[in-house]
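The numbers here are math on the coordinates, done by the rules we state, and not lab data. Please read all numbers here as calculations on a predicted model, not as lab measurements. Don't worry about glycine lacking a Cβ; one is built from the backbone with ideal geometry, like all the others, and counts go over all protein chains shown.
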Amino acid sequence: MKQVFTSFLILISIIAFGQDSQVDNLWKLYNSQKYNIAIERAKIFLENEPNNIDLNLIIGRSYADIGEFKNALTFLETVVTKDKNNSWRKAWALSYLGTCYFMEQDYNDSESSLNQCIKLNATKNATNNAYGQALLFGFNEFYKTWKIVETDNFRFHFQNMTDNDIKRYVSTRQEAFLNINDFFDSEIPKKIDFFVWDSRDDAKRLLRANLGFAKPRFCVLHSHFQQTKGHEMTHIISNYSTKMVNKTGLINEGTAVCFDQTNQDKEKIVKDWLKNNNKSVSIKDIWTDWKGYPAELTYPLSGLFVKELIDNFGREKYIEFFGNQTYDNAKLVFGEKLDKVIKDFENKMNT
């Protein structure tokens, strides 16, 4: 009898070891960003262990990381319900739920989940992630006095603006959205949460970032009220025009500058800078080393270059190229004419 019992314990240990090994391998897939494979394999094991916390967390986080936020909800909610130990698993599930609810425009549950994660304080990384998302999404006491105005495409948050100024601001941004999306024809997954700051210092202190910036993945942008109508929203709109594989500064920022809805004389700005600094333009160098050049040159220059590409190759070809913004892909999509367009553009800027 003792021998049978011992054999039974050994068998249980082997099974448990096998399960742990399977979960470890799934986490390795997840950490290698092989999300679809992790989902597929974890679901097989989940059939026999529907309440397994690790399996649900792997699937939920993987779905969220590939942008399928709605599909992630059930799995993450299961983790929160079943993790009675309030472990790091529950913390990450709550943090991710905050994002998923936000993307489903369930703002109350989003805020609640993020606050629960912060209060749980089970792991530093999950807590910091939830706190950062709460700040980004407007779930902080600092935002309590802000005015919220919704339109068909936006959820505006105003720090300090009169009703008349808000009305004008909303109208011009809504018009800009329609103008920009007339080109990109994007289907954006939710309304854009558009934060309009009165104080750059407040934003820098709270968000630890300079205005403005956009987080296209979450359809969020933070902007000073005096910034351009279209730059940051273009980052969000263009992000959903095609499958994004590879972004570069020259093309991604250039696209935002090109569609910023201003009448700024960018060519004059570029030529004046080149003359004053005794420099010449090399598009390929800037393409591969965006941060190696000053913003006062690269931003207006990139906007002009993107316009040149669109004018020469048309909307369809530009969108086809836009998802992978490298020079190599540009050559593949645009063909041999690309190098001539680049050379002619450089000659125009350098004279």
Approximate spin-label separation R217-K119, in nm, with each point projected 7 Å along Cα-to-Cβ
2.7 nm
nm² value of the averaged projected area, convex hull over the Cα atoms of the chain
22.2 nm²
Could you tally up the Lys pairs in region 140-263 with alpha carbons closer than 23 Å? Skip any pair fewer than 8 positions apart unless they're on separate chains.
27
Give me the number: length gained by fully extending K275 to D328, i.e. 0.36 nm times residue separation minus the C-alpha to C-alpha distance, one decimal in nm.
16.1 nm
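Rank-order 172-185, 90-103 by packing density, defined as the average count of other C-beta atoms within 10 Å over each peptide's residues, highest first. Mind dumping the intermediate values first?
Numbers: 172-185: 16.6, 90-103: 26.3.
Ranking the peptides 172-185, 90-103 by packing returns 90-103, 172-185.
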Once label points are set 7 Å from the Cα along Cα→Cβ at both K190 and K268, what is their separation, rounded to one decimal in nm?
4.2 nm
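What's the FRET efficiency of S112 with D289 using the Cβ-Cβ distance as r and R₀ = 51 Å, to the nearest 0.05? Numbers along the way, then the final one.
Values: r = 45 Å, r/R0 = 0.88.
With a Förster radius of 51 Å, E is 0.70.
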For E267, net neighbour charge (Lys/Arg +1, Asp/Glu -1) across residues whose Cβ lies under 12 Å away
+2
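How big is the charge dipole of the chain about its Cα centre, in debye rounded to the nearest 20, if each Lys and Arg gets +1 on its Cβ and each Asp and Glu gets -1 on its Cβ? Each step should come with its number before you reach the end.
Numbers: 45 positive and 45 negative charges, 149 e Å.
With only Lys, Arg, Asp and Glu charged at Cβ, the dipole is about 720 debye.
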Rg/Rh (Cα only; Kirkwood hydrodynamic radius) as it applies to region 13-97:
0.95
Amide H neighbours of T151 under 5 Å, at least 5 residues apart or on other chains, H built in the peptide plane: list them.
F156
Straight-distance crosslink candidates among aspartates and glutamates, where the alpha carbon sits under 18 Å from K340 and sequence neighbours closer than 8 are dropped:
D285, E308, D311, D328
Mean residue ellipticity at 222 nm from the helices of the chain, using -39,500 (n - 2.57) per DSSP H segment of n ≥ 4 over the full residue count, to the nearest 500 deg cm²/dmol?
-21500 deg cm²/dmol
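Under 25 °C and 0.890 mPa s, how fast does region 242-351 diffuse according to Stokes-Einstein, given a Kirkwood radius computed over C-alpha pairs? Answer in µm²/s, whole number. Don't jump to the answer; show the numbers that get you there.
Details: Rh = 14.0 Å.
Reported coefficient: 175 µm²/s.
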